[in-house]
1. What dipole magnitude, in Debye to the nearest 20, does the protein assembly as shown give about its Cα centre under +1 on Lys/Arg Cβ and -1 on Asp/Glu Cβ?
2. For the range B:77-179, which trypsin sites (Lys or Arg not before Pro) pass both filters: DSSP loop (anything but H, G, I, E, B) and at most 16 other C-beta atoms within 10 Å?
3. Going through the range D:1-87, which trypsin sites (Lys or Arg not before Pro) have at most 12 other Cβ atoms within 10 Å and a DSSP loop state?
4. Among C:Ser101, D:Met220, B:Leu67, which residue has its Cα positioned farthest towards the positive end of the charge dipole of the protein assembly as shown, with +1 placed on the Cβ of Lys and Arg, -1 on the Cβ of Asp and Glu, and the dipole taken about the Cα centre?
5. Going Cα to Cα from D:Lys114, which lysines come in below 26 Å? Please leave out same-chain ones fewer than 8 positions away.
6. If I fit a long axis through the Cα atoms of helix C:138-151 and take the longest principal axis of the Cα atoms of chain C, what angle between them do I get, 0 to 90°, rounded to 10?
7. Run the paramagnetic zone check for C:Thr34: 7 angstrom along Cα to Cβ, then residues of the range C:182-202 with backbone nitrogen under 12 Å.
8. So if I take the centroid of the Cα atoms in the range C:9-63 and the same for the range D:127-165, what is the distance between those two points in Å?
Amino acid sequence: MTALLDLGPHAGFILSSYAITLATIAGLFLWLRMDRARLVTALERLEAQGVRRRSGRSATGNGAGPRTATGSGR
Amino acid sequence: MSGPTPAGTWVGALFARELRLSVRVGGGALIGVLFFLAVITVIPFGVGPDLNLLARIGPAVLWIGALLATLLGLDRLFQADRDDGSLDLMLMAGRPLELVVLVKCLAHWAGTGLPLVIAAPVLAIFLNLEPLATGAVTLTLAVGTPALTLIGAIGAALTVSLRRGGLLLAVLVIPFSIPVLIFGVSAADAAITDPTPFLTPFLFLCALTLVASVVGPFAAAMALRFSSD
Amino acid sequence: MRLIAENLACDRGGRRVFAGVRLSLESGAALVVTGPNGVGKSSLLRVLAGLVQPAEGHVAIEGGDDEATPGEHCHYSGHLDALKPALSVAENLLFWRAFLSAPDEPACFGLAPCDPEAALERVGIGHVADLPAAYLSAGQRRRLALARLLVTARPVWLLDEPTAALDAASEEALTELMRAHVNAGGMVIAATHQPLDLDPVSTLRLEAAT
Amino acid sequence: MAIADLANPTRFMALSGRLLPWLGIACALAFAAGLYMTFFVAPDDYQQGATVKIMFLHVPAAWLAMMCYSVMAVSALGTLIWKHPLADVSARAAAPIGAAFTFLSLITGSLWGKPMWGTYWVWDARLTSVLVLFIMYLGLIALWRTVEDPIRAGKATAVLTLVGAINLPIIKFSVDWWNTLHQPASVVRLDGPAIHPTILWPLLVMALAFTLLFFTLHMMAMRNEVLRRRLRTLQLGAASARTATARPQAAE
């Protein structure tokens, strides 16, 4: 474990570059997750209003068309 | 039920709308910063990579970059509203037009000017400025860029009905922004070369911003009233 | 409440567009402005709205809110819909409701402003409230512009070619809205070619200067 | 995965939905191994001491920055020439990730440069061309954000990406052409790596970890983009569909 501790005189630079890298990657990952959550809720809200996708589209008149998987997956 | 809405709500509504428009797709919020970064990156190609030279002209380069980024981002300030008919309704809204212009300028500054101030320290690294000079430039930009936006608003109001008003706006308004540039750069340079005091030019810069926050909205409002035919 | 204009004259681009126009409109009545294209119908509406200074004559509102200019008593709906495509339909409407001031009097004007959802339902586009305005068709944009008239209570409606880009069903809905507005004591001035079947309607015909 | 059956967005969503967790796990494992080797296995450099550990971030980030641009260039070809329906989705998804990796390589480079060269930034060929690459990424993102219709935006950015691809070889050979302060390429060289295996292996593992990270983030971003397109078509459909049946009184 000693190798971890003595990062030499420039430890600050090493740690800050690792910290910035972690922050950037975590930020990107969280942004993608948040973006996905926002999109899925918006899609579900539209689905709830009875708007079908073209492939799953039944005639707009009788909203009770066959409900096909809209492929939104997990 | 509606009654005369108190001043706070319509000012807030206008500010929120302008900010929302500048951030959304098609809005010009971060374009200013990108232009600023591009200008700062191009200059060493011309001037040469000599770090000492760059350090000397650093504050001037940052200020001229901020000036151009602000002015070139202003041509859609009123023209966007005129093209879709919103300007007519704003003229008829029964709200003081000067205040409407001031709120639009602040919203535009928050969307375009503020990111420039935030980006300045990072770009100062590219120009090899010492921390003290970086702090001074950022402070002067923080105080000076609102003046540039407010003065530029006059040009934007004057060229609102012109098809290619963007560059004309810059030409019309650059003479008025020269004092802001002079005091901004001299305040920033004063932080490096010790004899010259920092505070005097800086206070002049603050005064110019205050003057601009009065002259700008009034002149722009007058120009807008004449623009509708 | 009365809207009065005496010998109005308007210049545009150095050309005298119209002159000597006189009109007086009681509350609870409608006025149709007709005439060949280019005779200045739109300019007349813009003069009444206070957007353009008349070369001669003046516009006044009797019995209205004294501090407010005649323009602040009027809703103006021109060829442009004043919609921001990047904002959603509801955001557009909420902004205009908060931004446009409503004159205190005249008390006699009974049409209370309705909140955005109800306004959208009345013009028949309640289902698009959350969609960006960019996705609306031309007819839907006109309906949204009409919804703006309902969310702020201003007695005078200045409508420039209101039936443009509207299909039959929408046109009938518009007429019904105008009838409700006039019955509540409001005024409608429309520059259009189709006749408006509102009951107290008078016509102002602009002639090309011979 | 033949490119052909990836063409259908729905099948892509299903396929990527299953693949994504595994990709995420592989990436996490690679990072764990890489970081362990970086901190415990790799010896300190006799000159730089421990600061050489920044290299394990800087070099992979720089590689990824350029690899991501190549992915975007291929996607651009896919959009313009092969008319692959998911090509502009891939390009649009890759742009922010590429910008992030370029940003990381610039930041870690300058943090490494301060102790070694004494300044955070110097205007030499390689750093400058990476900075130009960063501006190009931001320009592409800005272009994506200003053009409203995604199809047209896809074509416009595809052209710009291909034109920008000229910059990639300049970066790769900039070190050799301008023999400047920056350290010449010491891994991918004609006569094989010039660094000691105990440092090379952690570097390669970290590079693998970064690559897996790129593919994970890129796939997630593409899935978001497909959902965004689906939402847009749904909204367009919702606006027009109901008017045909809506009557002024209560809409159903």
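1. Numbers: 57 positive and 53 negative charges, 467 e Å.
Its charge dipole is roughly 2240 debye.
2. Counting only loop positions with at most 16 other Cβ atoms within 10 Å, the trypsin sites (Lys or Arg not before Pro) in the range B:77-179 are B:Arg163, B:Arg164.
3. Of the trypsin sites (Lys or Arg not before Pro), the ones in loops of the range D:1-87 whose Cβ has at most 12 other Cβ atoms within 10 Å are D:Lys83.
4. D:Met220
5. D:Lys53, D:Lys172
6. Helix C:138-151 and the main axis of chain C meet at about 80 degrees.
7. Taking a point 7 Å out along Cα→Cβ of C:Thr34, the residues of the range C:182-202 whose backbone N falls under 12 Å are C:192-197, C:202.
8. Between the Cα centres of the range C:9-63 and the range D:127-165 lies a distance of 51 Å.
Rule-based calculations on the coordinates, nothing more; no lab input. If you're wondering where the values come from, they're calculated on a predicted model, not measured in any experiment. Virtual Cβ from ideal backbone geometry, glycine too; neighbours counted across all protein chains shown.
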